Structure formats: structure tokens, C-alpha cells
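The next block holds one structure in the form of C-alpha cells; read it before the comments.
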Amino acid sequence: MSKMINVALPKGRLGKKVYDMFEAAGYECPEIREDNRKLIFENQEKGIRYFWVKPSDVTIYVERGAADVGIAGKDILLEYEPDVYELLDLEMGKCRMAVAAPRDYRDNPERTLHVATKFPNIARDYYARENRDIDIINLHGSIELAPVVGLSDVIVDIVETGKTLKENDLEVFETVAPISARFIANKASFRFKTKEIEAIQSALSASVAARRGGRK
Ligand code: PRP
């Protein structure tokens, strides 16, 4: 008898793509595609239950065991370092964490650097490795505005297409880390539901490999 697996999916475009992967792997739950506002969907027969979760909250559900597995961005994993297993790189939702600044910005290493970001821990770690004194300005969105209006010197933020930077006359100065979506698991769940979680992992892994093959 298979045990029920609870999956925290990130709400939004990435989550829908990830659900497609689960569906193709045989974990379908057609009701999820209906236009409704429900947050939980289950297919008892397949032993799977999905939750739609705010993307930055996926690790909280998984770390605390409300979800057995989930899909979280590497940015969130680096920032919060949740106590979970990172089982697979899904190679989707690809972007990078970068330092950006106005095009004409010239750094003075003698001065404290003012850094605006939604990722204070990532920024702090990065500049600690560079041995640089910084002042973190912790914002929650529209980070690109900060250096334009003089709130900060630089930003540490996610760059996907680069459009937001370009349209605000900013450019990337350094890349901090490549980012993509990861399949994660609660540690106790992995111990008690190893067979079920590994079955999902290998189905997703095959799908990642097939997609990679298709791109060649
Ligand atoms: C993210 C990120 C950048 C933007 C990058 O913001 O913080 O602002 O996307 O994407 P691009 O390189 O394709 O332009 P998000 O849309 O999450 O909004 P936010 O301002 O609330 O952080």
C-alpha cells in the first residue's frame, strides 16, 4: 500500500509547468486545471495531494512537514538554508542572482557599500567572501528603484531576462549564483516514505533528461 505524498507547488507559471511534469510522470489530478480558487487537490488512487503555496513559502511547508516534498527556487534555499533535502535540479525557472548598479557607477572599495536587496543573507555571505564592508537595506520588491533614487549604491537581486535592469538603466556587475527550481523533501518524510519520494524523483529526473535531450 503506497503512502500519500503531499506536494507543495509554487503558485504561478513555474508551478503550472512543474505540475505538467508530475502529470506526465503519472501523478495526475485533473481537477487542478479547473479554473477555481481551491488550494488543495488530491488523487487518492495515485497517492498524491497538491497544495498551491506562495513560492517563497514552499520551504516552510516542507521543512515543517506539512508537505513531504515541494519545488523551491535555489534563491530561497540559499537565503533561508532550510533543513530539507535538495533532491533534484529541475533545470527550469532558470535565472541568476547578481549584483547590479547604474551603468555609470564606479565602486570605491574604501567606502561602505550600500546594498539594497530582498536577499540579505545571500548578500551578506557574498560580500563577506569578498571581505567588503556593507550596509544592507532590506526591501521587499521593486529593488531596481533603490540605486536609481540614491537609496543604495548597488542591488543584489534576481535577473531573468535583464529587462527590468535595462529599462531602469542598470547593469549587472557580478554574478553571485546561478538559480533554478529544485525538488526538495522533508527529512523525516524521506525516511518514512522513501519508496514513494524516490519514485517521484526518478520520474522527474527522467523528464529533466528528456527535456535536456530535446534542447540539443
Ligand atoms: C523579479 C526580480 C527582478 C525581476 C527580474 O522581480 O526581483 O525585479 O523579477 O526579471 P527580468 O530580468 O526578467 O526583468 P519580481 O517580478 O518578483 O517583482 P518584485 O519587484 O516584487 O521583486
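Values as computed for the structure displayed
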{"read-out": "Some residue of region 53-73 being touching a Phe, Trp or Tyr at 6+ places or on another chain (Cβ under 6 Å) and surrounded by fewer than 17 Cβ atoms within 10 Å (Cβ to Cβ)", "value": "no"}
{"read-out": "Near pairs, Cβ below 6 angstrom, 6+ apart or cross-chain, from region 142-154 (more than 16 Å from residue 120 (Cβ to Cβ)) to any residue that is surrounded by fewer than 18 Cβ atoms within 10 Å (Cβ to Cβ) and among the hydroxyl-bearing types (Ser, Thr, Tyr)", "value": "144/164"}
{"read-out": "Among (1) more than 22 Å from the chain's Cα centre (by Cα); (2) within 19 Å of residue 74 (Cβ to Cβ) - the single one residue 194 does not satisfy", "value": "(2)"}
{"read-out": "Residue 139 vs. criteria within 11 Å of the ligand (Cβ to nearest atom), closer than 30 Å to residue 17 by Cα, among the aliphatic types (A, V, I, L, M) and within 21 Å of the chain's Cα centre (by Cα)", "value": "yes"}
{"read-out": "Single residue of 145, 77 found to be touching a strand residue (DSSP E or B) at 6+ places or on another chain (Cβ under 7 Å) and among the hydrophobic types (A, V, I, L, M, F, W, C)", "value": "77"}
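Let's see how each residue does on (1) within 14 Å of the ligand (Cβ to nearest atom); (2) over 17 Å from the mean Cα position of the chain (by Cα); (3) surrounded by 15 or more Cβ atoms within 10 Å (Cβ to Cβ); (4) of a type outside the set (D, E, K, R):
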site	(1), (2), (3), (4)
123	yes, no, yes, yes
128	no, yes, no, yes
133	no, yes, no, no
143	yes, yes, yes, yes
180	no, no, yes, yes
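Each reported figure results from applying straightforward, stated rules to the coordinates on display, with no laboratory input. Computed from a predicted model, the values in this text were never measured in an experiment. Please note: Cβ atoms are built from the backbone with ideal geometry, for glycine as well, and neighbour counts cover all protein chains shown.
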